[in-house]
Every structure is written in C-alpha cells, then in structure tokens.
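The values are calculated or read from the model by the stated rules, or taken from the named source; none is laboratory data. Every value quoted in this text rests on a predicted model; they were computed, and no experiment measured them. A quick note on method: Cβ atoms are made from the backbone with ideal geometry, for glycine too, and the neighbour counts reach across all protein chains shown.
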Amino acid sequence: MFNNKQEFVEEFTKRIEENYGRSVEQSHPTERFMVLGEMVRDFAGIHWKETKEKIAADEAKQMYYFSMEFLIGRLLTNNLMNLGIYELVRDGLQDLDIDINELEDLESDAGLGTGGLGRLAACFLDSLASLQLPGNGNCIRYQYGLFRQKIENGYQVEVPDQWLKLGNVWEVRKPKSAVDVKFWGHVEMRKNENGELIFDHVDAEHIRAVPYDMPVVGHGTKETNTLRLWSAEASDIIPTNKDFRLYLQELQEICLNVYPDDSTDDGKILRLKQQYFFVSAGVKSIIRSHLRVYPTLDNLGEKIAIQLNDTHPVLAIPELMRVLMFGWEFPPYKSGGLGTACYGMGRALAKKGTEILFVLPQTPLDAPVRVGERLSLCSASGTRVERTARNLRINEEVRELWREKLHIEHVDSLLLPYDTPESYDERRRELERLQSVKRNADVFSSTQETILRLHGGYGPDLMSEVYRYACAAVAIARKARFDVIHVHDWMTYPAGILVRKLTGKPLVAHIHALEHDRSGDNMNRDVAGIERAGLEAADRVVAVSHYTKRLVMRQYGIPGDKIEVVHNAVSRSEADRVYAVPERCAHEKRVLFMGRVTFQKGPDYFVEAAKLVLDRIPDVRFVMAGSGDMLPNMVRRVAQLRIGSHFHFTGFLKDEEVDHMYAVSDLYVMPSVSEPFGIAPLEAMAYDVPVLISRQSGVAEVVRNAIKVDFWDIREMANKICAILSYPFLAAEEVRNCREELKAIRWENVADRLNAIYAQLVSGGK
C-alpha cells in the first residue's frame, strides 16, 4: 500500500496502466474513479483483516444488524476521511492534474433504501466501527434503488435508480460463502442411528444466496466492520416442477428493487420472499461461522446478538425458533376440544416458520410422525432411559419435585371423558390389574435400560400416567433442540416444570380449562395443586379468554401482568376435510348439544329448555352428542319429561360423525355453566349453523353477534331457540353476522400472538 503522496502517485499510475492499458493522461474519469476506489478499499482491507483476526483471537461477541435498507451514501470521501488519507490522496491526484471533486461526483448513491430507516442502519453501523465495537450488517444487494427523480418539461418524472451502472467498487464477492435458501416444500423429521432428531426440508425450491461484502470504516480507528449484501442466483439444484425461465425470472425479482408493489397477491409473496431470502441467508451464515469456532450452538446467545431494524426482518425469530410442546391430545390420536385447539395453533405456528416438536403420551409409532411443515409428533411412550449416574440424579430430582409440589392420588373410577361402551370392559380389567400392582414405581429399573410405556388416556391410572409422562419428557428434552417449552393443560404441567428446571428454557403454560371449570366447588385438590404449581413455575401464562384470566387470578393468585389472553380460533376444515353443507330437513328442525355430558357443559339446562320448546313447537328434534358422568341422569330426565321421541343421545362422536352432525343441524346450543372458551360454537358457525351460547363462556368474548343467554335462564333459552327456529330470516341474519366474524377468528392470528410471546421470552423479556 502507500504511505505518502509519492507512493500513492506511483501506485495509482501503475494500476491505470495495468488495468486499462493506458497512461493516466489518456484514461477516462470513470477508469480513474474505479482505480481510486479499489486502492482505498485495499487500504481499508488491511484494517479489515486485522479486525477479523482480533475478533477471532478474543472470541468476542458480535452483533448482526438485519435491515431491509442501508442508505450508506457515497463512500469515497467518507472512507478517505475516516482512514485519515484524504489530503494525501487529494494532493497526489492534483500532481497528476486530476480534480478529486470530479471523481467524487461520479459515485452513485447506493440504492439500498429510501430514507430514515436506511440512514439509521448505516449510521449505526458506522458508529459501531468508530466506537471499536464488532458489528455486521445484513441486507439485499438490490439491482435498482427505489427510483430517481428528475424534472422534464416542468414535471417530475421517476426513473429507475441504476446505482450499479459503474459496478460497486467497494464490494468483494464471496462465492465460497454462498448458502442455499429454500422456498416452499415441507419439513420431515427422522431419528438417526444415535436417536437424534434430524430435520429434512424436502420438495423445496433452492436459490443460491451469494454474499457481497463491503468494509465499514470507523473514524479515527482501525476497526473495520462488514456490511454483507445478498444476491440471488440460480442454485445447482434446479427445480423439476417449474420452467427454468420462470425460475430465473422469479429469483431475479428478489433482488430487483427495494419495496416492490404489494397491492396484489403476487406482490405480497415477493415481499415475503425478499424478507425470508436475506434473513435465512444471514442466519445460516451466522450459524456456519459460529460452528467453525465452537462445536455447539448452546453458546450461540453468548457469542451472537441479532438486532432487527423495524418489522421487515422479523422472520429471523421463527427461523431460529424451536418450540418443545407437551400436550395430551392431538388429532387424529385424540380429538377433544383440547386436541382441536392444539392442532389448530400447532399447524398455524408451523406455517409461520416455527419448528414444533409436539410430545404426546402415545402415538402409533415410537418414531416422530410428521403432520405438516415444521410440525412433528413425538410419542412419550417408548422413550428409552439408560441407567446412568446422571439419569439417576435426574430421577431423584423428579421424585423430589413431585413430592414437594405434586401429589399422586389414585382415583379408582371407570368414569372417563371420551370413552365408549366398547372400551368399558377393557377399562374395568385395567383397573383390576392396577389394583394388584405397585403403581408409583421408580421408572428407572435395576436393568441397564428402561422403556417407559403410556396409554395416553384418561383412565384410573391418570396420575401415574402424568408422572411417567414427565419422566419421559426429561429424556426427550435432553436430545431435542428447542428455545421455548409450551405445555397445554394440567396433565403436562409437571413435564414443563421439570424440563424448565433442568434446561433453564422459558416455559409457557397454556390454560385451556381450570379444575374449577370441570368440577365446580368439588375440585380435586391434587389436580388443582398441579395447576397452581405449573402456573407459578411458568414464565408466561396463556389464557384462552379474559374469563379464564380472571379465574386464574382469583383461584391461584397469578399476577395479571404474567397472563396473556390469546383466544382460540377455528378452521373451516380442522383436519383437512371439507364437507358441503347439505339441505337441512324441511319437515323438522334439529337442535344440537355437542360436548362432554358433565356439570361444566350444562346438559341439564339443555334438557329442561328442550321440554319448554317442545310444548310450543312439536316438530323439533333435540340431539345430545357426547358422553360423560351426567349421561345416565340425562337419559332418565328425558324419560321423566316424556320427550324421548324427540330427543336422541348419540354417545361420543368423532371425525366424520362430528362434521356430519354439525352439517345437518339447524341450531347449536352451548349452555355451559363455566366455559373457558368453547371451540364447538365456532365449528358450528363454520357450517353456517346459528349458535346460542352461554354468557358464561370465553367464546362470547370473540363472537359478539352470536345469540347469548345466561345458562340458568331456561325460559329465556327456550324463547330464543323458538325464535331462531320459527323465523328463518333471523337465523339467516345470524349466519351472515357470524360468517363475517369468523374471518377474523383465525389460527394464523393465534400463531402471531404466540410467536410474539416466544420472541419476548427468548430475548429475556418478562
């Protein structure tokens, strides 16, 4: 490099001759500008190299700044001044009869932004270097800026900003650091021979992201940071399901210009592709660099900080987010209200890019089961636990925690939600077997390996199931990579408590129903104790309604600022099935009760209201679909009221039977005494069925136009049932209103809320 004016003049002259085969006098101003820029970049390159070596030697923490804009401006003068060589270069050029101002005017403003947002990013990166702090920028290498303005015939005209027409003298292309960014396709999970979880992104469209690095020179210091610009190029993996010319056109559009028109669906997709492109490329590059120095990602947070400039790069959060979910139900393995909610939010989170490993008590296969993109189910049953010193210590911690906060009480009962008559004898035999064995045995046997087995039901051994599930959860968590623990209802709270204690990862406790809702004043103290322990241990509590939030605060004393209300939602087709709504029966009306036949759901009020309706409108058929401990009493009461010819009990329904029942009904009634939320009314609305719901329900908070009644007011309930059945225009208006409300009650909105909670917890927020 050069240390004085004479050395600069000699080097400048030499490069002009070698690069262009001309003398300085014969060279064009653009050639002089390119040579000068290269010389300044090479001068900065010495400090650039030293900065990278110092960071590596100190194992210093680095910051990566993701922004859709970097309005860096013209760099020639800035870099000359920051390097302290402006006067030297100016005087040397003057000796060659070259005006430095003429060369400065040739430089284009980098078209990497539009205004304040981009200028903020550029100044921030400059300041980091000037303060001798390591930092890196990530952005897209746009071919064109937003636009350039000029006046023609007295009018403003906007033309493309071709800022790269002379190239970018400051950048260095790094093809060896290129990464593949994958669009579309889906994620599959498998276990390798060591039992480790492997994620495969299959059927994806590959685009090669090539980095172009620019030095960011600090003022008065040798610190030189990096601005990395990503360019989209064709991958070696060519798509087989798309015309190659279309593939090239689409990848070129990614880097064409900042903020393409998003007034169309194609424009919205392009914007999303832009955001994901540079975020995915940047994150992959960060992880690759980290793993070259450290053997694990466990210390990633200690060595790397990622700052997101505005909302555009927020996909960096789900790109790095992995959630370990514990739940007791998930369709098709169990499809109660809890399972339906878990299915809806799990699928929506996965579509948003969050990787989820959902642990069920039991699935048909011990290996993980893929149910959608980025969403896999894992069976706790079949978990292998080796007899090691560490596992024995963990087991002791499990038992200690269980003794301190959680208590097992075996309830010898055959009453089961979601049970069928066909399984009664099997349950009875299971109960007899359990009464003859030690049920709370140590899960770690005297052998070298123990395999934990669970049936995943709600049987008489439920508490022991919960204990074994918690032990399996610890073993699963030790092998899985995740950022957040998310547990659903009390059966999984012990698992969450233990995994949080052993890993330190933030815990989200989702409360779908309280023991108070299920049992009223006759609460099971042990279940309530587990609920309290889980809610207290959680870093954040998610309640399905404000109604539930108030109960949690009143029953367990959980502070309100710890509880987030995230309402449930509905999909037109919860299990990827679509049923056409048939023509409903013309000669009679059908009123449906769908749910567990328990105190919580208010089936007795439904029966009493049915009697009052039938006294006024004889051609009505009432249907009670479900099972539960109050079913025998309901059958007897229907007989006493002499309405059996117009009242039907279907027992527990599932899958297609449920959908069919909604589709043939004229009215759905949910008279719940205490309902945390209640997804069933939303499911009925999806089939254009009018709904009458209890004011004492969480769903009443989101379905504002639904017809509502106090659960205990059977006369008013009967009056409103008669009104809906007797006046078709009223029913039609109800359907129209509810159809509009359903548009906003989407699982995608739930996923956005949950991702925001995850991001806050992962970033250290409370």
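List of remarks:
- Of all the listed residues (292, 288), the sole one being surrounded by fewer than 19 Cβ atoms within 10 Å (Cβ to Cβ), part of a helix (DSSP H, G or I) and touching a helix residue (DSSP H, G or I) at 6+ places or on another chain (Cβ under 9 Å) is 288.
- The selection criterion, being over 27 Å from residue 599 (Cα atoms), of a type outside the set (Lys, Arg) and part of a helix (DSSP H, G or I), holds for residue 733.
- Against the test of being buried (at least 16 other Cβ atoms within 10 Å of the Cβ) and among the aliphatic types (A, V, I, L, M), the options 96, 128, 133, 166 yield a single qualifying residue, 128.
- Test for residue 130: is it modelled with pLDDT of 90 or more, assigned by TED's automatic domain parsing to the domain that holds residue 212, among the polar types (S, T, N, Q) and in contact with a Ser or Thr (Cβ under 9 Å, 6 or more places away or on another chain): yes
- Residues that are at pLDDT below 85, surrounded by fewer than 21 Cβ atoms within 10 Å (Cβ to Cβ) and farther than 18 Å from residue 543 by Cα within segment 674-720 comprise 704, 705, listed in sequence order.
- When 554, 540, 577 are checked against the criterion of being modelled with pLDDT of 90 or more and farther than 20 Å from residue 750 by Cα, 554 stands alone in meeting it.
- Looking across segment 206-225, just one residue is at pLDDT 95 or above and among the acidic types (Asp, Glu), and that is 213.
- Scanning segment 601-622 for residues that are surrounded by fewer than 20 Cβ atoms within 10 Å (Cβ to Cβ) and touching an Asp or Glu at 6+ places or on another chain (Cβ under 8 Å) returns 619, 621.
- Test: residue in segment 149-165 that is in contact (Cβ under 8 Å) with a residue 12 or more places away in the chain and small (Gly, Ala, Ser): no
- Entry remark, segment 12-45: residues being over 20 Å from residue 102 (Cβ atoms) and in a helix (DSSP H, G or I) number 7 in total.
- Taking the criterion of being touching a Phe, Trp or Tyr at 6+ places or on another chain (Cβ under 9 Å) and either within 26 Å of residue 503 (Cβ to Cβ) or buried (at least 18 other Cβ atoms within 10 Å of the Cβ) (or both), the residues of segment 520-539 that qualify are 527, 530, 531, 532, 533, 534, 535, 536, 537, 538.
- When residues of segment 589-647 are limited to those that are of a type outside the set (A, V, I, L, M, F, W, C), touching a strand residue (DSSP E or B) at 6+ places or on another chain (Cβ under 6 Å) and in contact (Cβ under 8 Å) with a residue 40 or more places away in the chain, the one farthest from residue 664 (Cα to Cα): 627
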